[in-house]
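Following: one structure in structure tokens, then a few remarks.
What follows draws every value from the coordinates through simple rules; no lab data is involved. These numbers come from a predicted model, not from an experiment. Using ideal geometry, Cβ is built from the backbone for each residue, glycine included, and neighbour counts are taken over all protein chains shown.
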């Protein structure tokens, strides 16, 4: 999925204009009570325009026509806002559909022979063979082999990924292409229910349901519409009682200006755009409900590895034992790690080079001793000398077996490193033969440190200001966990975490009324993902994890959880701001329309003193209010699509800021806007 | 405004400021059923009532049963009160020989007192027997107030409890409110009133010869006992037709001061009760502040507009001076008792309309158009400043929830009030609550403009002033206020019936969604507050709620006001 920096593409705009007219279908309009009322008003005024065409005075007829025209525009602009918001998703869906084009699958029969079937004929449990250059026919799990897969069609990420049987990297997605080797995939999704199908449906918005908050807001808007409908309908008897009967056009104009058309027009666009913002960050939300919940989250569970730290421990210091020089120890440490391909081992070599100027050497005649779970050590045997590197107790035992002893100071060093959250690796040596220049002894300790991602502490501080608690989840021991937790600035941590611990933590937070967000990728994360309120599964993760989550991060970046929370909040803020703005707008419209309604009646003409905007004529005043009401929708479309600027700060600060901009601004803006339109209308001499 | 006027206002504010928190704490304990030193006195009385009525005080009710209990109690109350009026001539204790009351008027009055409105289409001293006043009206003045406060207690429980189903027991709340709050306070206050000169006797009419040689019938009756609960329970229905302008009901400036205090004390104190019951006193302070700011603004506006009077009269030089002098309290004195003057009259007008009390010590009809509009608008705000006993706090809490919902999204979370998420179910009930009052008021005013008897009989003034009288009557009924603008003849078949319907809808169609809301809220879990929580105890929130209260009313009622008092004022 290519990322776009432009808000809207020209071809999306063109398509949206067409869609705005298609959406005039009454059944579509009915779903939005506010716009439906405007639609009825448009029809009514249009009928009046044609009925009186030629019979009433030209001025009056032009006035009615213009009101009708701008009421139509109001509805069209609302449709346009929704169509533009949907446009991007539709365009993306078209691209994805091309990927889904039918492929031929090579299904393996139980006897091992292979038959060719169309991918749509595949059933769950079928096994297919896919070799380099072929497209994986459907979602599944690798059951045999290992291959590099190009997933750019789904993730937009061009670098190929490794997929292999067993473990947490076994899931493959239909529509992606195998680049090398051959794998056997067991199909896990029925045709039409694959990830790609779901993704198309999601970005296109065809399954879009109103979210809980959107429903609540719609109820309020419907309630307001009813109140204003009553206020307008009853105004006619009051006006008649005061001998100032009103025309239907004026009452319709008043009604449309009063009902919350601005938010009514933009509400669904805001929701669609919010989902779209996630898609642009390569996150697929399975429901809008999850996006809303993200804004509500009070607790974020963050895996230490990959989210808070880079995931690899790196050498941070070499601490030689007594009687060993630093250079000597660095040399031994480097030697022990040259063949060690783990990130930790590599970091020791890099550290030795950067700090002690030791270049890598060729290991001639060396015998590599690989790490095993039993020895918990690795190293090399070379030139009659054995060098070992490993956990303190394992190395101690080794040294003692060789007849040496580990000095107690070394034990202290090991403990202090562990206390600081680091990982101590002890390096020792021993000569193979008696009387060797290398008696069995411990040479020193390598201080391996978890490197916290730069800038992450600031983001946690932001979250804290927003009232969100961060909990670090790690398999480390409590001491190490505490140290990293402090350095990263998380609020709490769960050390030596098992999947059950994680689950219990989520449940206890939820019992306290807090919504929990987390990321996960492994199968053992699935129950916790299912329990969490916002569960982001990594796309690289297992099928089980992806199904348990309510969002999938196609880029598999666990840090993105924080962005997701911000997008959720931004969605709600945009909705609230425009609602407030829309309601605040009404004050000015009253000041435009009420004086205009009664200016022509001698007994009520004093009401013209309410015409604080000094609008030219009654007709121009009413028309200006109607035009403003329509234009403000168009002017706010970019804001609805982009979202109100989000600042990570406390609720009271956000409230003060937004209330000032959208509340106070909402009261003032229409006074200026209506006045300007009135000046323009008068200059044009329209009415 | 004179120095004495200022002194009176400031003394009132200080007195409320000191006593409201204390009473609020006491009432919170009543509703939470906590132990009290007064249990020795009240406990046996309550147990007696429970035993007689077969009430199990330990058994709590869900919202639907609670609602049915309120409705059943009210229906029985209406029927009983209707019956007493219809047969009063045959009942004892009728020293003034009052005839049976006509059906439409009986219905109107029965509904009026059961709904805590106390709209009076009749003149008390020339329509009702002493028995009707005492056992009919006064009893309802106690229990209708208690019913409103019970509903409030249920709503607060909905907010303060979490993950439960029951919201209290209506019968227990009713009994405890009556026994522990209303009766003791009303008893003490009645005696204080008697001390200031309010009458309390069993006399009929006393015939006297006036200095001019005419004879006059001076009414008597059990007045102080009714006057007391009329104020305390924000009822407003007086023994006498001219209400608190009557020297037997409100004899001195001092009694006037005490009666204004009596109107305001419980509604204001309930804000503190609320803060205590939700275990966050700051929430109570915020609610109090909203009530107080609106009430004070309305009071000052009315006072200044009435003290200012109509300056054009001075300019015309027609011999009517609006300025303060040794012999005149100044301002617009028409329709006001000289013993109160425009300040105390304006203060009363704002207080009685902000509380859904509805008693008057001056005729609002005679206020300047703008001065009369303030009490009218004060009712249109939905009676929340501080509102009627119980129901006023309900209205304010619901408007607070509305404010939270509109503006709360702006902090990026699903809006929540006191940790309860405001979602579709809550918004639906809030929307119904907000919708009912304007709907019934606007619809009935609209229909009334077509009714012949309204323009021929009821309205005593033409044009916009007459229209204002009509607006005022239905606004008063719809908000269960009961004050009359005067200048309108309400004792017609149409007005009696239409106003009765308006009062019923304005009372029970608000109580039902309120209790339903309590029922929805009580089941919800509470979200613990954090830095991301929308703060509902700050000055900013107070300003926000005030803004929402004003905007909701303004958007609904601006057109109708424009054609009534606004056009009249601008035309001066």
Original post:
Distance from the Cα centre of the range B:316-395 to that of the range A:366-429, in angstrom?
Top reply: 92 Å
Original post:
Okay, helix-only estimate at 222 nm for chain B: each DSSP H run of n ≥ 4 adds -39500 (n - 2.57), divide by all residues, round to 500 deg cm²/dmol; what do you get?
Top reply: -20000 deg cm²/dmol
Subject >> Cα-based convex hull, the protein assembly as shown, per residue volume (Å³, whole number) >> reply: 243 Å³
Original post:
Over what distance in Å are the Cα centres of the range A:567-600 and the range A:457-518 separated?
Top reply: 42 Å
Original post:
Ranked highest first by the average count of other Cβ atoms within 10 Å around their residues, in what order do B:188-194, A:527-533, B:225-231, A:400-406 fall?
Top reply: B:225-231, A:527-533, B:188-194, A:400-406
Subject >> Alpha-carbon centroids, the range B:192-269 and the range A:120-198: separation in whole Å >> reply: 90 Å
Subject >> Within 10 Å of each Cβ in B:524-536, the average number of Cβ atoms from other chains >> reply: 6
**OP:** Specify the angular offset, from 0 to 90 degrees and rounded to the nearest 10, of the alpha carbon long axis of helix A:499-511 from the longest principal axis of the alpha carbons in chain A.
**Re:** 30 degrees
Original post:
Taking the Cα atoms only, what angle lies between the long axis of helix A:456-465 and the longest principal axis of chain A, rounded to 10 degrees?
Top reply: 40 degrees
Original post:
Taking only Cα atoms, what is the 0 to 90° angle, nearest 10, from helix A:408-419's long axis to the longest principal axis of chain A?
Top reply: 10 degrees
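Within 10 Å of each Cβ of B:445-454, how many other protein chain Cβ atoms are there on average?
Values: counts 4, 9, 2, 2, 8, 3, 0, 0, 0, 1.
Shielding by partners across B:445-454 averages 3.
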**OP:** Could I have the simple spin-label model distance between residue A:129 and residue A:405, label points 7 Å from Cα toward Cβ, reported in nm to one decimal?
**Re:** 6.5 nm
